[in-house]
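The values are calculated or read from the model by the stated rules, or taken from the named source; none is laboratory data. Everything numeric here is computed off the predicted structure, so don't read it as measured data. Please note: Cβ atoms are built from the backbone with ideal geometry, for glycine as well, and neighbour counts cover all protein chains shown. Remember, those area values only see protein heavy atoms, side chains included, never the ligands or the DNA or RNA. Shrake-Rupley method; radii C 1.70, N 1.55, O 1.52, S 1.80 Å.
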Amino acid sequence: NSYYGILKLYHLVGFGYNQTLGKVYNSFSSRLKNSIYGELLLEKIAVAKQISVGSKLPVLIVKDQSGATFDIKAYSKKKFILIDLWYSHCAPCIAQFSDMKNIYKQFSDKGFEILAISTDKEKYVADWKSAIVKYELPWPQYLDLNGIVAHSFNIRIYPSNLLINQKGEIIA
């Protein structure tokens, strides 16, 4: 019966959905679930579930550097796809590039692909393009201008990564 609990859960769902969070929501009283906070939390959970483990990857409307729209079907022959959400001024995002390049080098010829989606703001698009060159990122790069698509799925922590299997399901 704690409003603090429901607000805390609302905050935690921002880090991604898992079944435990759903069980916690279900344990709240009807009074809390029917409150404005409960209704907002339920909406946030529904959105977060779209990119949770076991879900099919939703349509992501992002474009590459030449303006071509992302289509997951173009990568359907890959066994695994790592979707890396990042932006050019994110130190933790940049810090993972070295490890990602090693993984990519080791597994890209074995059915593994990395697809990067930058959430850079419009004023930093040039920085995004420079970062691709500076860090010699060999995998496909896409832009979610101003992070609109990422935010629509409650992604607010960077880097965020989704591992997709050949069926288009999020497995991690």
Accessible area per residue in Å² at 1.4 Å probe, computed on the chain: 57
Per-residue HN-Hα couplings for segment 38-45 [Karplus 6.51, -1.76, 1.60; θ = phi - 60°; Hz; x = Gly/Pro]: x, 5, 5, 5, 4, 5, 5, 5
Inter-label distance for L7 and S152, nm, one decimal - labels placed 7 Å from Cα along Cα-to-Cβ: 3.1
√(5λ) per eigenvalue of the Cα gyration tensor, segment 90-172, largest first, Å: 21, 18, 11
Amide proton proximity set for I117, modelled H, under 5 Å, gap of 5+: D84, L85, W86, Y142
Segment 133-172: trypsin sites (Lys or Arg not before Pro) in DSSP loop, at most 14 other beta carbons within 10 Å: R156, K167
All-pairs Cα distance distribution in segment 30-172, expressed in whole percent, bin size 10 Å: 11, 39, 34, 11, 5, 0
Pairs of lysines in segment 78-172 (C-alpha under 17 Å apart; 8 or more residues apart or interchain): 10
Helix-only CD estimate at 222 nm, as mean residue ellipticity for the chain, using -39500 (n - 2.57) per DSSP H run (n ≥ 4): -11000 deg cm²/dmol
Rg(Cα) / (2.2 N^0.38 Å) computed for segment 115-159, rounded to two decimals: 1.14
Residues of type aspartates and glutamates that K49 reaches as a straight line, Cα spacing below 16 Å, ignoring anything fewer than 8 places off in the same chain: E39, E169
Solvent-accessible area, 1.4 Å probe, carbon plus sulfur percent, for the chain: 56
Descending semi-axes in Å of segment 68-118, equivalent ellipsoid built from Cα gyration tensor: 21, 16, 6
Accessible area in the full protein assembly, largest first, 1.4 Å probe, for S76, S52: S76, S52
